[in-house]
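Each reported figure results from applying straightforward, stated rules to the coordinates on display, with no laboratory input. Here the structure is a predicted model, which means the values were calculated and not measured. Cβ coordinates were reconstructed from backbone atoms using ideal geometry, including for glycine residues, and neighbour counts include every protein chain displayed.
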Amino acid sequence: MTDKKNWPLWEVFIRSKNGLSHKHAGSLHAADAEMAIENARDVYTRRSEGVSIWVVESRYITASSPNQAASLFDPADDKVYRHPTFYNLPDEVKHM
Amino acid sequence: MDPKQKALEAQFQARIDADEKIEPKDWMPDAYRKTLIRQISQHAHSEVVGMLPEGNWVTRAPSLRRKVALLAKIQDEAGHGLYLYGAAETLGIDRETLLEELHAGAAKYSSIFNYPSLSWADMGAIGWLVDGAAIMNQVMLTRTSYGPYARAMVRICKEESFHQRQGYEILLTLCRGTEAQKQMAQDSLNRWWWPALMMFGPSDGASTHTEQSMRWRIKRKTNDELRQQFIDATVPQADYLGLTVPDPALKWNDERDHYDFGEIDWAEFWNVVKGNGPCNRERLQARVKAHEQGAWVREAAMAYAEKRQQRQEERNINPRGLKNLAG
């Protein structure tokens, strides 16, 4: 067979324990979502590293571009008033 | 080089010098990308081919305990190969191409796996020495400049230490056994010591990639530094086993605070790299055979997934469950 189709690439996210969010663990190839979950279990949780797995085909992820990172995140650069230390309170007001 | 390119490269080097990590979509010099693809794929191939010498002993492991440990180690190696292929793929090369390069003999893997595993003691020596040498290299690589490679290394290092300990335990058991068992352990050390030292690659003067890789912080230590570090850590472990390291020139040097050691047989090293080691052909044939014989499984799984998806889409257009919903 010459026009073979390769298994697509999936990104794997693992929740290490309840209370924590899923975190990107890596990627793998699988024919479908079910196989991606099974492979993710075998590859990324061999030592009980997870209680929940998300998989998503890599081609469905849209990422921001690092070339435009400066302008994309620029709006946050000059808003010091979003931080608690911007506000002066007298020492008598202790923990706030 | 045109000025724009030059500016980009200077910017890139400044990021490296500031110890920033480079991530997949960041701009990088073509040569940096190429070097990483070569190094990471070599590393991945080594993990995968590395399963072969150990697979040789699974059915002959002396106890169930040893057998499950060996199987778990081999499964880890497959996983390590996968993390690394994944890291390489972030650089814009696909898995199929990487495998084709391996199977065509265009991509290299660690020469250590071109030596045969002749006795059960070799399972001990491989874990202790081969994984031990790999750990030296990999611990350094957890700080490599390319993010996905560094992250793969962190996972691998966490898992690798069990490999080395299980290997050492095998040898320790043999060394505390009968005279014949101890002899088996010594014979194994005699065969694996020098190839293990060669795993760090040519010495710094002869290494074509080291200088640039150090500048890009892909590597953080030179081949000779890592080799020395490995020898210093390993010789006392051999002493504890009561085994003799097969190097008459090996001697502690108080002044250098390191072991001095004998000259490596570089002719042998290059000969194995060039494909003339004891098992080069056999290893590659085994990989190609496994890949070819597994082709129908990969194709069947893909066909099944496509068929299921197609049925799902048909159901979405003409939902047969409508009656139930209405009821």
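In loop segments of segment B:170-217 as defined by DSSP, there are no chymotrypsin sites (Phe, Trp or Tyr not before Pro) with at most 15 further C-beta atoms inside 10 Å of their C-beta. Taking A:32, A:74, A:42 in turn, the Gaussian network model of chain A (Cα-Cα springs below 10 Å) assigns the largest fluctuation to A:74. For the options A:52, A:71, A:27, a Gaussian network treatment of chain A with springs between C-alpha atoms closer than 10 Å singles out A:71 as fluctuating the most.
Dividing the Cα convex hull volume of segment A:4-82 by residue count, how many Å³ per residue is that? Numbers along the way, then the final one.
On the way: hull volume 10.4 nm³, N = 79.
Taking only Cα atoms, segment A:4-82 has a hull volume of 131 Å³ per residue.
From the cross-link list A:5/B:158; B:73/B:108; B:4/B:219; B:34/B:219; B:6/B:34; A:17/B:67, which pairs have alpha carbons spaced over 24 Å apart?
Values: A:5/B:158 34 Å; B:73/B:108 22 Å; B:4/B:219 27 Å; B:34/B:219 15 Å; B:6/B:34 18 Å; A:17/B:67 31 Å.
Among A:5/B:158; B:73/B:108; B:4/B:219; B:34/B:219; B:6/B:34; A:17/B:67, the Cα-Cα distance tops 24 Å for A:5/B:158; B:4/B:219; A:17/B:67.
The listed peptides B:43-56, B:6-19, ordered by packing as a protection proxy, come out as B:43-56, B:6-19 (highest mean of other Cβ atoms within 10 Å first). To the nearest ten degrees, helix B:131-141 and the longest principal axis of the Cα atoms of chain B are 60 degrees apart. Springs join every pair of Cα atoms under 10 Å in this Gaussian network model of chain B, and among B:284, B:84, B:129 the largest mean-square fluctuation is at B:284.
With n ≥ 4 as the cut-off for DSSP H runs, can you work out [θ] at 222 nm for chain B, using -39500 (n - 2.57) per run divided by the number of residues, rounded to the nearest 500?
Numbers: 15 runs with 213 residues, N = 327.
Counting only the DSSP helices, I get -21000 deg cm²/dmol.
Here the sum of -39500 (n - 2.57) over DSSP H runs of 4 or more residues, divided by the residues of chain A, equals -5000 deg cm²/dmol at 222 nm, to the nearest 500.
Below 15 angstrom from the Cβ of residue B:126, what's the summed charge of the other residues (Lys, Arg +1; Asp, Glu -1)?
The answer is -3.
With both residues required to sit in the protein assembly as shown, DSSP beta bridges show an antiparallel share near 95%. 3J(HN,Hα) couplings calculated from phi for segment B:205-216 with the Karplus curve 6.51 cos²θ - 1.76 cosθ + 1.60 (θ = phi - 60°) are, in sequence order, x, 9, 8, 7, 9, 3, 4, 5, 5, 5, 5, 7 Hz; Gly and Pro show x.
In chain B, the longest principal axis of the Cα atoms and the axis of helix B:223-241 are about 60 degrees apart.
Below 8 Å, C-alpha to C-alpha, sequence gap of six or more: please give me the relative contact order for chain B in percent. Intermediate values should be presented prior to the final figure.
Numbers: 325 pairs, mean separation 58.3, N = 327.
Worked out over chain B, it gives 18 percent.
Name the shape class, rounded, prolate or oblate, that the alpha-carbon gyration tensor gives for chain B, where a ≥ b ≥ c are the square roots of its eigenvalues, rounded holds for a/c under 1.5, and otherwise prolate holds if a/b is larger than b/c and oblate otherwise.
oblate
Taking amide hydrogens as placed 1.01 Å from N in the peptide plane, the amide H of residue A:30 sits under 5 Å from those of A:10, each at least 5 positions away in sequence or on another chain. With a 10 Å cut-off around each Cβ of A:21-31, the average count of Cβ atoms from other chains is 5. Selection among A:7, A:81, A:63 by position relative to the dipole of segment A:4-82 gives A:7 as farthest towards the positive end (Cβ unit charges, Cα centre).
Angle check, please: helix B:295-317 long axis (alpha carbons) against the longest principal axis of chain B (alpha carbons), in degrees 0 to 90, nearest 10. For helix B:295-317, the angle is close to 30 degrees.
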